[in-house]
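What follows is a set of notes on a single structure, which appears directly below.
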Protein chains: 2
Amino acid sequence: MIDKNSHIPIYAQLEGILLEMIESGELKPGDIIPSENELSKKYGISRMTAKKAIDSLTIKGLVERTQGKGTYVSSYEKKIELPLNRLRGFTQKVCEMGLVPENKLLAFEKIPCPKNISKILGIEEGEKVWRMERVRQIDEIPAVFEESYISVKLLPDLKEKNLLESKFDYIKKIGLEIGNSEREILAEIPSDYVASALRLKRNEPILLAENTTYLKKGEVLEYSKIYYNQKKYRFKLIAEGD
Amino acid sequence: MIDKNSHIPIYAQLEGILLEMIESGELKPGDIIPSENELSKKYGISRMTAKKAIDSLTIKGLVERTQGKGTYVSSYEKKIELPLNRLRGFTQKVCEMGLVPENKLLAFEKIPCPKNISKILGIEEGEKVWRMERVRQIDEIPAVFEESYISVKLLPDLKEKNLLESKFDYIKKIGLEIGNSEREILAEIPSDYVASALRLKRNEPILLAENTTYLKKGEVLEYSKIYYNQKKYRFKLIAEGD
DNA sequence: GAGTGGTCTAGACCACTAA
DNA sequence: TAGTGGTCTAGACCACTCT
C-alpha cells in the first residue's frame, strides 16, 4: 500500500490513495474519511504525516475538515454563475434572482495616495484618495471582498451611506459616466485578513480580479482588487474564435 | 516579538513578521531570508514551525525556496499578457512576438467517452473520443497544460503530427468552422501531475479555464481544460460598464 | 564538508464537537 | 467524556548546493 523506501514522499502516496478512493466513488460526497489517528495506525505512519496528506486534499477542495467533527468529502453545491466580462455582473445577477446584496463596510478612509496606486489613477503621489474595503454578502454568506481606491477630487462628497447602498448608482447620480474596465485575473492564496473576511480557511486558492475602471471620457475612475468566493460562484465568459 | 500564549498560532505570527519585512522593503526581491535553523534559534521555536511559516509565504508566491540553497524573496519577472476572451490568445500573442510555441504531446488516445464528458460533447457515453494532453512551451519554459476531448466522428483522421503543429489549423483545413467558446475560470491547486508537467511546486495556485468550444453551426467541437502558468503570464480582459 | 530545505517520527497539549 | 482536528516540539535522516 505505502512504500516507505519510495522516492515519493509518504504523504504524497497517502494523498494518492485517498484521491483514488474519492475518484473511484468508494468515498462519496458527504462521506466521512478515516481520521488522522486511524490512518496513522493503519499505515504505520505518524499522525503528522497523515495530516499533511489530508491538508493537501483540503486546499485542493476535495475534502472539508472541521475540528471536533472530522473530514468529509466535499459535496458539489449549486453555484451562482457570474459573467467575468461585466463590471456589475455580481449586482446584476443577484438582482435578477430577486435578492439584494448586503454590503459591509470594513474600511472607509481618506488617505494620501500611495505611489503604486497614484500611477494607476494618474494623479500625484500623496494626493488625497478614498480607500474602501467592502464585503458583499447574500444570506449572510460572504461572496466578494473588494478593496478600492478613488480620487477624492472625483467624489468629494462620498459618504459611508453611498457605499452601503450602491457605489455605482451614486457615481452615476452625480453625473459621471462610467466606461469600461481593464481587468487582470489571477489565482491567489489570499492573505489571512481577506480569507477571514470571506470566512475561508487559510491557504485556499481564490480568484482575484484587479480592475482599472475608466470614465467614458477616458480618465481613470477607480482601481480595485476584487476577491471572489469560489465556493459559491462560478465565473464565466465567452472566448471568441478567430 | 512572538507571543507563545497568543491565540494566533506561532507560525502565523512568524509569517506576519516576515511579510512585514518584505513589504517594508527590509527584505528586497532577490534577498535571501534567514534559514529555518536561524529562525528557530532566534525565536526559540522548533524548526518545523519556522518551516510552516515560510511554506505559507511560498504558496502565496512571496518567496521561493531551493533545497541546498535557501529561501529568496521573489522577484517580479516580466510577464506576457494574454487576453482571456480570445480562444487563440496564446498562439496569437506568441506569434506576434516572433516566437513559435513548441507543443509536447503527453497523451494521445482513442477512448470510450466518459459519462460527464459525453454530456458536454452531446454524444453517447462510450462513443469513441480523442483524449489529448499537451504542454505548450516557449524557450523550454512550460506555459500551458491542456487536456482535451474531441469526438472521433468529427476528426476521424486526426494524427499526432496535427497536434504537434496546430490543432486549430488542422480543424479549419478539413473544413470545420470554429465558433466561440464558453469558458469558466477557476483558481485551483493543480494535481501533482499537472504541477510537474508545468514544473511548478506542489500546492501553488494556478488559473484553470474549462472550455466548451462550438462549431459555427452550433455543434460542440471540443471540451478542454487549460491550465496556465501564472509565473510567466498575465491574463487580461475588458469588462463592460453598464 | 557545512549549510540548506524536505521529510518523518512519537509524543504532547489544546479547542472543538457530539453523545 | 471520547474522539476529532490544530498546533508544537526536539530530535532524526536525507538530498541538494556551494565551496
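The values are calculated or read from the model by the stated rules, or taken from the named source; none is laboratory data. No experiment lies behind these values; they were computed from the predicted model shown. Methodologically, a virtual Cβ is constructed for each residue, glycine included, from the backbone with ideal geometry; neighbour enumeration extends over all protein chains shown. Please note that ligands, DNA and RNA were not included when accessible areas were found on the heavy atoms of the full protein model with its side chains. Shrake-Rupley method; radii C 1.70, N 1.55, O 1.52, S 1.80 Å.
Quick notes
- Between copies, the label points at B:Leu105 (set 7 angstrom from Cα along Cα-to-Cβ) are spaced 6.1 nm, reported in nanometres from shortest to longest.
- Amide N of region B:149-193 lying under 13 Å from the label point, which is placed 7 angstrom from the Cα of B:Ile117 along Cα→Cβ: B:149-153
- Label-point spacing at B:Glu38 relative to the other copies reads 4.5 nm, in ascending order, each point sitting 7 Å out from Cα along Cα→Cβ.
- With label points set 7 Å from Cα along Cα→Cβ, the inter-copy distances at A:Ala12 are 3.0 nm, sorted shortest first.
- Shielded residues, region A:182-226 - accessible-area loss of 40 Å² or more between chain alone and all protein chains, probe 1.4 Å: A:Arg183, A:Glu184, A:Ile185, A:Ala187, A:Ile189, A:Arg202, A:Asn203, A:Pro205
- Note on chain A: with a GNM built from Cα contacts shorter than 10 Å, the maximum mean-square fluctuation among A:Ile189, A:Ile80, A:Ile17 falls on A:Ile17.
- Ellipticity estimate at 222 nm from DSSP helix runs (n ≥ 4, -39,500 (n - 2.57)) divided over the protein assembly as shown, nearest 500: -7500 deg cm²/dmol
- Given chain A, longest segment not containing exposed loop GluC sites (Glu not before Pro) (DSSP; at most 16 other Cβ within 10 Å): A:27-76
- With R₀ fixed at 45 Å, the C-beta to C-beta distance from B:Glu165 to B:Glu64 puts the FRET efficiency at about 0.85.
- In a DSSP loop and with at most 15 other Cβ atoms within 10 Å, the trypsin sites (Lys or Arg not before Pro) in region B:70-158 are B:Lys78, B:Lys79, B:Lys153.
- For region B:1-124, the Kirkwood estimate of the hydrodynamic radius, built from every pair of different alpha carbons, is 18.9 Å.
- Summed over the residues of the protein assembly as shown and divided among them, the accessible surface reaches 51 Å² per residue at a probe radius of 1.4 Å.
- Segment A:Leu105..A:Ser24, full-extension length gain: 24.7 nm, with 0.36 nm per residue of separation and the alpha-carbon distance subtracted.
- Solvent-free Debye scattering, log10 I(q)/I(0), computed from the Cα coordinates of region B:161-221 at q = 0.13, 0.16, 0.24 Å⁻¹: -0.53, -0.72, -0.93
- Each Lys and Arg contributes +1 and each Asp and Glu -1, all at the Cβ; summed about the Cα centre of region A:98-242, the dipole is approximately 280 debye.
- Among the listed pairs B:Lys161/B:Lys225; A:Lys236/B:Lys79; A:Lys115/A:Lys167; B:Lys52/B:Lys104; B:Lys93/B:Lys225, those beyond 27 Å (Cα-Cα): B:Lys52/B:Lys104
- The mean sequence separation of alpha-carbon pairs under 8 Å and at least six residues apart, normalised by the residue count of region A:119-242, gives a relative contact order of 28 percent.
- The separation of region B:96-145 from region B:227-242, counted between C-alpha centres, amounts to 21 Å.
- Solvent-accessible area, 1.4 Å probe, carbon plus sulfur percent, for region A:71-189: 49 percent
- Vicinal HN-Hα couplings computed from phi for region A:81-94 (Karplus, 6.51 cos²θ - 1.76 cosθ + 1.60; Hz; Gly/Pro x): 8, 10, x, 6, 9, 10, 5, 10, x, 5, 3, 4, 5, 5
- Within region B:8-69, trypsin sites (Lys or Arg not before Pro) in DSSP loop having at most 13 other beta-carbon neighbours inside 10 Å: B:Lys69
- In Å, descending, principal axis extents of the Cα set of region B:72-163: 49, 28, 27
- For the chain pair B and A, the interface hides roughly 3900 square angstrom of accessible area in total, found with a 1.4 Å probe.
- If you plug the beta carbon distance of B:Ile32 and B:Arg234 into 1/(1 + (r/R0)^6) with R0 = 30 Å, you get a FRET efficiency near 0.65.
- Calculated log₁₀ intensity ratio I(q)/I(0) where the Debye formula runs over C-alpha points of chain B, q = 0.10, 0.12 Å⁻¹: -0.62, -0.80
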